[in-house]
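For reference, the structure discussed in these notes is given below.
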């Protein structure tokens, strides 16, 4: 009789946790709209970010498919992870084809921050 009682206790605990998780609201990251607008300009500038060459995202014209789609990245990665990826993608993946924009000074730290903010809006 002990085993069925333990099973029911464990099963009910699992269902309670799953139910609580389903009711927990997702927390959206606060985004600075002005900084994000500046980031979009940098990201779409062919001499700066040029993100659409490799990435697809909402509003990109003739977007590339070398890199992952940027829509919903904020649901998969933190702000710091996104910033670090733009700054130097080779830290996470030495074989990355993404240019290390910050490391090679293609973008300043402020510009990388702005592009990060823009990516968070996608």
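Read the figures in this text as sums done on the coordinates, not as results from a lab. Since the structure is predicted, the reported quantities are computational estimates derived from the model, not experimental observations. In this analysis, Cβ positions are derived from the backbone assuming ideal geometry, glycine residues included, and neighbour counts consider all displayed protein chains.
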Discussion item. If I model a spin label as a point 7 Å beyond the Cα along the Cα-Cβ vector, how far apart are those points for residue 92 and residue 53 in nm?
Written reply: 2.0
Discussion item. Sort 118, 87 by Cβ crowding within 10 Å, fewest neighbours at the top.
Written reply: 87, 118
Worksheet, complete the sentence: The Kirkwood hydrodynamic radius of region 28-119, taken as the inverse of the mean 1/r over all distinct Cα pairs, in Å, comes to 13.1
